[in-house]
1. Tell me the Kirkwood hydrodynamic radius of the stretch A:118-171 in angstroms, computed as one over the mean inverse distance between distinct C-alpha pairs.
2. Divide by every residue of chain A the summed helix terms, -39500 (n - 2.57) for each DSSP H run of at least 4, and state the resulting mean residue ellipticity at 222 nm, rounded to the nearest 500 deg cm²/dmol.
3. For peptide B:19-27, how many partner chain Cβ atoms fall within 10 Å of a residue's Cβ, on average?
4. Under the 0.36 nm per residue contour assumption, what length would be gained going from the current alpha-carbon distance of A:A67 and A:E51 to full extension?
5. DSSP loop (so not H, G, I, E, B), at most 15 other Cβ within 10 Å: list which trypsin sites (Lys or Arg not before Pro) in the stretch A:69-175 pass both filters.
6. For peptide A:27-37, how many partner chain Cβ atoms fall within 10 Å of a residue's Cβ, on average?
7. Sequence gap at least 6, Cα distance under 8 Å: using those rules, report the relative contact order of chain A to the nearest whole percent.
8. When the convex hull of the C-alpha atoms of the protein assembly as shown is computed, what volume per residue in Å³ does it have?
Amino acid sequence: MKIKEVLTTVNQMQADGIIDRYAIGGAVGATFYLEPIATLDVDIFVAFRPEPGKLLVSPQPLIDYLAARGCRMEGEYLFIADWPVQFLPPPTPLVEEALVEAVSFDVEGVPTRVVSAEHLACIALELGRPKDKARLLQFIEAGVLAPARLEAILARHHLSDKWQKFEVQFLRGEG
Amino acid sequence: MTLQLLEILQSKQALRRRLTVLPIAEKLRLLDELRERSQTIGISRAQRHAAVERPAIPPTFVDAVR
């Protein structure tokens, strides 16, 4: 399984101190809770480690680390085991929280940190593109969201109004 | 196989439920396969476009008499 190589590599990067914590997001993350979702890339949220003596964090150590292991770079992607992988610093407080509260899975002996279902749903709501709304509906239909946890995240990140609009538009057949 | 829309939708939902509860490793294996399939489709599509867009070579006298 090629994607398992991606997971192994990311764990090794963490063990070698290249990144702090990480969490798989996007379609691959959603696949841990839903049916497999066809995707062309792997989104990994990472907390970059600041280099000694530098205030700003840089992805350069990560790029150098993977390049030394034969991974090629194309645009914003680093290719690991033929999968284009995007390493993303958390762009919003919601994703920062998702990174901290990621869930641990075991993939045939490889420990894997994945964004929680509720955070993935809230990130989809926050992004709000048609494909994100479709994914949010998948999460609801699959019944994998814990209501209390979801409500708490929505409230903390000021997404309750957006959620209500989504409910009216898609779940009550109005709007 | 049926052409009844309701049955089709129900069977799709049942398939999705079956896929959802597969072991994680199995679902990730399917992601690998889905990606390979998308790439194959993409390559064949690109080749078709290239074939369509390639300017036609005007037949020469030599071609005509071959």
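1. 10.9
2. -13000 deg cm²/dmol
3. Per-residue shielding by partner chains comes out at 6.
4. Using 0.36 nm per residue and subtracting the Cα-Cα distance, I get 4.0 nm.
5. A:R69, A:R72, A:R172
6. 5
7. 21
8. Hull volume over Cα atoms, normalised by residue count, gives 237 Å³.
Bear in mind these aren't lab numbers, they're just calculated from the coordinates by the rules spelled out. In this text, all values refer to a predicted model and were calculated from it rather than measured experimentally. Ideal geometry is used to build each Cβ from the backbone, glycine not excepted, and the neighbour counts take in all protein chains shown.
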